[in-house]
Amino acid sequence: MHPAPSVIIFTTLSGIGFGMLAWLGIDATPPQGWVAFAFFFIAYALAVGGLISSTFHLGHPERALKAFTQWRTSWLSREGVCAVAGLCVMGLYAAALIFLGTHVPILGWIGAALSLLTVFTTSMIYGQLATIPRWNTPLTSVLYLAYALTGGALLTGRVSVAITLLLVTTAVQIMWWLRGDKAFADRGSSLETATGLGNLGSVRSVAHPHTSPNYLMKEFIHVVGRKHAQKLRIISLILMAGLPILLLSIHVGHIFALLAVLSHVAGVATSRWLFFAEAEHTVGLYYGMR
């Protein structure tokens, strides 16, 4: 549950890439020719690059194709199916704009819907986990979609829309944090409920489950000091929304827009790192870490 920093960055960019595709798909007057090529190239590079990088976090990356077969029960499989479908539809839409100078709205709308559905399925990989109360909320999906749409608006040059979405995303992020900080306690999980022995009375561990760190401890238990978490949250909000809004308000130009995008990505990546680092998994109860 604690991806490498590079994976966090690439998956963050992937969401923004799909957000770009969604905005390009619903654009009533989309760019054409070489301008369209530039926009779609960036969107595809971000979306596909993030998807490819995420496969390296799998135990057996060479078996990634098998994930597509479990779409009935697995949100990871649904993410892959939606991503491929969305990229294919948007590829046809982009080809018509670039090579034929033709706008096919129906393809754009379908591709945009599939792009956002991809982001939603990604969020549900985490949001459906009852073992991590902080993630187990509809707000997780709202947050992922907000990030995608905001980043996409920034990269497609929708300044006024981006500023509004930056404020909305900030509000959603703060609500997600406030709800998440008390989620584990509100769930009422304890060593008694975790072991199923609560009917026998109070339960306590008389010996540490392992004499050295193991996979569960490395993957599912990560304790971040509250002071450090609060500082990182402030930094995240400043980079994600504060600085971009300031830059876009001062002057609308390519340099300021690029700085706004870079700042936003850095802020979102920081928030995404906290997303994993602050996650309290129920398994931590066995190790006395919760």
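Scanning segment 97-113 for any residue that is among the hydroxyl-bearing types (Ser, Thr, Tyr) and part of a helix (DSSP H, G or I) turns up nothing. Candidates in segment 267-290 are the residues that are open to solvent by 40 Å² or more (accessible area, probe 1.4 Å) and over 20 Å from Leu145 (Cβ atoms); of these, the one that is modelled with the highest pLDDT is Tyr286.
One residue stands out in segment 96-128 among those that are open to solvent by 50 Å² or more (accessible area, probe 1.4 Å), over 13 Å from the mean Cα position of the chain (by Cα) and not aromatic (Phe, Trp, Tyr): the one that is nearest to Cys82 (Cα to Cα), namely Ala113. Residue under question is Trp176, and the condition is that it be open to solvent by less than 10 Å² (accessible area, probe 1.4 Å) and outside any helix (DSSP H, G or I); does it hold? So Trp176 fails the test. Restricting attention to segment 250-271, the residues being farther than 27 Å from Leu178 by Cβ, assigned to a helix (DSSP H, G or I) and not aromatic (Phe, Trp, Tyr) number 8.
If you check Leu167 against the conditions, is it more than 21 Å from the chain's Cα centre (by Cα), over 16 Å from Glu278 (Cα atoms), modelled with pLDDT of 90 or more and assigned to a helix (DSSP H, G or I)? No. If you check Ser212, Ser236, Ser205, Ser189 for being over 20 Å from Thr12 (Cα atoms) and at pLDDT 70 or above, only one passes: Ser189.
Please work out which one of (1) among the aliphatic types (A, V, I, L, M); (2) part of a helix (DSSP H, G or I); (3) closer than 29 Å to Trp71 by Cα is the condition Leu129 fails and give its number. All conditions pass for Leu129, except number (2). The set of residues in segment 226-268 being in contact (Cβ under 8 Å) with a residue 60 or more places away in the chain and over 18 Å from Leu143 (Cβ atoms) consists of Ile245, Leu248, Ser249, Val252, Ala257, Ala260, Val261.
Conditions (1) surrounded by fewer than 15 Cβ atoms within 10 Å (Cβ to Cβ); (2) under 25 Å from Leu165 (Cβ atoms); (3) modelled with pLDDT of 95 or more, marked per residue:
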residue	(1), (2), (3)
Pro3	no, no, no
Met20	no, yes, yes
Trp23	no, yes, yes
Phe37	no, no, yes
Phe40	no, yes, yes
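Residues in segment 137-153 that are part of a helix (DSSP H, G or I) and more than 25 Å from Leu262 (Cβ to Cβ): Pro138, Leu139, Thr140, Ser141.
Pairs meeting the criteria (first residue in segment 110-125 and under 13 Å from Ser77 (Cα atoms), second residue at pLDDT 95 or above and among the β-branched types (Val, Ile, Thr), beta carbons under 9 Å, at least 6 apart or on different chains) are Ser123/Thr140; Ser123/Val142; Met124/Thr140.
The values are calculated or read from the model by the stated rules, or taken from the named source; none is laboratory data. What you are looking at is a predicted structure, and each value in this text was computed from that prediction instead of being measured. Here Cβ is always computed from backbone atoms with ideal geometry, including for glycine, and neighbour counts include all displayed protein chains. In case anyone asks, the SASA skips ligands and DNA or RNA and just uses the protein heavy atoms, side chains included. Shrake-Rupley method; radii C 1.70, N 1.55, O 1.52, S 1.80 Å.
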